[in-house]
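The values are calculated or read from the model by the stated rules, or taken from the named source; none is laboratory data. On a predicted model such as this, the values are computed, not experimentally measured, just so you know. As a convention, Cβ positions derive from the backbone with ideal geometry for all residues, glycine included, and neighbour counts pool all protein chains shown. We work out accessible area using only protein heavy atoms, side chains counted, and drop any ligands, DNA or RNA first. Shrake-Rupley method; radii C 1.70, N 1.55, O 1.52, S 1.80 Å.
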Amino acid sequence: MKYLNRKSNYDKYPQTVIFGYDKCAWSGYDDVCLAIEEKLNEKNVLVIETYPGVIDEEVLTEISKRFKAERIIKSIDIFYDSDKLDEMLKDVLTEDRVRGFMYYGKVNDFIDKEKLEKAKQEIKEDGLTIIYGFAASLISQGDVLVYADLTRWQAQLRYRKGRTNYKCHNENEDNLKKYKRGYFVEWRIADKLKFELFDKIDFYLDTNVENNPKMVTGEAIRGGLKQIVKQPFRLVPYFDSEVWGGQWMKEVCNLDKEKDNYAWSFDGVPEENSLFLKYGNIKVETPAMNLVKYQPNELLGPNIYSRFGAEYPIRFDFLDTMEGQNLSLQVHPLNEYIKSKFGMSYTQDESYYILDCQNNGGVYLGLKEGINKEEMIFDLENAQDGGKSFEADKYVNRFKASKHDHYLIPAGTIHCSSADCMVLEISATPYIFTFKLWDWNRLGKDGLPRPIHLEDGKKVIQWNRTTDWVKKNLVNNFEVLVDNPEYKEVKTGLHELEFIETRVFTSKNKVLHKTNNTVNQLNLVDGTSAIIESPNNEFAPFTVHYVETFIIPACIEEYTIKPEKDGEEIKYLKAYVRE
């Protein structure tokens, strides 16, 4: 093996067993419909509310052929027509391929009120009425309310297969633009509607696997989320390729060896990842944001909840360039810039923790001393216009990396990982606002030039972050806090301009941790496996493996971490929001 001296033990499908609801779960359309029929019990109105991206022609067809409905009302018909929707969203979505403005309105903004009233009048007392689709619950919440859900990752995969955005005719549109419409508009309004309904739904329908639905009662999904927030848990990771991708995750995370590369993975991003909840023999997949929205105080803690709302502010992801290529040279906007221009409340401060590197791999970070700002901008613009390639090494520092180095990247700092690095990226959440400055003369997987945002980028580069300042503040700015026979604790960041604190612990023993009433997010950055336990037996022992990210909810007051194998030294990174 190239990167491991043992077989991979990374769990790609982590699940949480939910107790007390084994008889409240069903699989397959036959059993799903029987459960719904029993609940209906000759009542008149069945409402199936859906998340954008659910395959309507599958779900509605399978359900309607099992029920003898007198009428079917489709909520898609109460929306404005697609041309008007496009016009309404023109300024929100912009012409940019990846960036837009966060939409803070509701689904009602896109509903034709006359059509809505007409649909309400179609509901009759004689026979069964099925109301189906996104915003179906605005017509009626009915006698039985089913919520058909979908993860964002599955929505993205469906875009790639030609699925459209909601009530759009954009089958052949750039997938980045489809994702943008989902991210900035559809998912925002759908999440708001979902959590207006969440305490009312009778059944929760998981539609992530085509033609293989899983369903639990509303009580069971709510009870499951209340259980998971009282114990350590992992999110369901996903992996994707890119032109710069590498080979490390393929081996260490035991991925498909036939793929050309894997570039990045989300293994700790509740806004994008999902949860597997196990009810008896049935495994239900639900977006992790359902937990954040439904149990924010218990998960995040009161301080974070009051500061950020029901949003999860920490992100862990992997960037794999081992045997790959450089990332794009980039910069993230300052808080004021992202707030005033894009309506976001905070920006993407971040850091690179080096899990592995080889062949002189390193990190580009900050500017060299004495460079000419105008000359650098000219060279970037000239390169973007097809002129001479940009000489990054002329202007930007490049630091040779070693395993367990930690590079801090407050917003406004020019940066990228070079080839032959494996990065655990720890950052704040608004990841879509990356201003690429230079992409090394390459095309994306789609054969198109990857989006460059030089006009924005040059306005936020902090030109005073040059070599001496960067070395002092951003490169391995370590402070040993504890070093005794039991364990070593090192503060590794983040910078004082950033709100995330990171600590790295090294130990062969059991170490006690306190959450201090704030969510903790961790990754086992060295060692085979570790066990997380409750000193008061409040949760069952929880095992994690090398490079797995895991979450300790704020409502857990204290926990211990120890190596699973006696005598093995482990190393783990813990992140949390500073007070």
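Structure notes:
- Total residues in segment 19-42 satisfying the condition of being on the phi < 0 side of the Ramachandran plot and out of contact with any strand residue (DSSP E or B) (no Cβ under 7 Å at 6 or more places or on another chain): the figure is 9.
- Some residue of segment 522-531 being open to solvent by 60 Å² or more (accessible area, probe 1.4 Å) and either more than 19 Å from P270 (Cβ to Cβ) or touching a strand residue (DSSP E or B) at 6+ places or on another chain (Cβ under 6 Å) (or both): no
- Qualifying residue in segment 552-566 (condition: within 22 Å of R6 (Cβ to Cβ), out of contact with any Lys or Arg (no Cβ under 9 Å at 6 or more places or on another chain) and modelled with pLDDT of 95 or more): yes
- Within the option set H495, H513, being under 28 Å from the mean Cα position of the chain (by Cα), part of a loop (DSSP other than H, G, I, E, B) and not hydrophobic (A, V, I, L, M, F, W, C) holds for one residue only, H495.
- Comparison of K194, K167 shows that the only residue that is touching a strand residue (DSSP E or B) at 6+ places or on another chain (Cβ under 9 Å) and within 22 Å of R222 (Cβ to Cβ) is K194.
- Counting the residues of segment 254-301 that are polar (S, T, N, Q) and under 14 Å from the mean Cα position of the chain (by Cα) gives 5.
- Checking each residue in segment 340-375 for being aliphatic (A, V, I, L, M), under 21 Å from A575 (Cβ atoms) and open to solvent by 10 Å² or more (accessible area, probe 1.4 Å) picks out only M344.
- For segment 433-473, the candidate set comprises residues that are over 13 Å from V396 (Cα atoms), among the charged types (D, E, K, R) and outside any helix (DSSP H, G or I); within that set, the residue that is most open to solvent (accessible area, probe 1.4 Å) is K445.
- Evaluated against (1) surrounded by fewer than 24 Cβ atoms within 10 Å (Cβ to Cβ); (2) under 26 Å from D526 (Cα atoms); (3) in contact with a Ser or Thr (Cβ under 9 Å, 6 or more places away or on another chain); (4) of a type in the set (S, T, Y), Y337 falls short on exactly one condition, (2).
- Identification of strands (runs of 3 or more DSSP E) wholly contained in segment 190-253 with 1 or more residues that are over 20 Å from the mean Cα position of the chain (by Cα) yields 203-206, 214-217.
- Among the residues listed as T560, T506, T518, T543, the single one being in a loop (DSSP other than H, G, I, E, B) and of a type in the set (S, T, Y): T518
- Considering Y21, Y10, Y29, Y51, the condition of being aromatic (F, W, Y) and closer than 27 Å to R188 by Cβ is satisfied by Y51 alone.
- Within segment 271-302, tally of residues that are out of contact with any strand residue (DSSP E or B) (no Cβ under 7 Å at 6 or more places or on another chain) and at pLDDT below 95: 1
- Qualifying residue in segment 304-311 (condition: polar (S, T, N, Q) and either in contact (Cβ under 8 Å) with a residue 12 or more places away in the chain or on the phi > 0 side of the Ramachandran plot (or both)): no
- Test: residue in segment 15-29 that is over 25 Å from I221 (Cβ atoms) and open to solvent by less than 30 Å² (accessible area, probe 1.4 Å): no
- Residue match in segment 49-56 (condition: of a type in the set (D, E), surrounded by 17 or more Cβ atoms within 10 Å (Cβ to Cβ), within 28 Å of V229 (Cα to Cα) and in contact (Cβ under 8 Å) with a residue 12 or more places away in the chain): yes
- From the list D112, D149, D126, the one residue that fits, being modelled with pLDDT of 95 or more, in contact with a strand residue (DSSP E or B) (Cβ under 9 Å, 6 or more places away or on another chain), surrounded by fewer than 18 Cβ atoms within 10 Å (Cβ to Cβ) and over 30 Å from H453 (Cβ atoms), is D112.
- Counting the residues of segment 381-416 that are surrounded by fewer than 22 Cβ atoms within 10 Å (Cβ to Cβ), in contact (Cβ under 8 Å) with a residue 40 or more places away in the chain and of a type in the set (S, T, N, Q) gives 3.
- Of the residues examined, S64 is one that is under 23 Å from T217 (Cβ atoms) and at pLDDT below 95.
- Extreme residue, most open to solvent (accessible area, probe 1.4 Å), among residues of segment 57-73 that are touching a Leu at 6+ places or on another chain (Cβ under 9 Å) and β-branched (V, I, T): I72
- Among the residues of segment 160-180, some residue qualifies, meaning at least one is open to solvent by less than 10 Å² (accessible area, probe 1.4 Å) and polar (S, T, N, Q).
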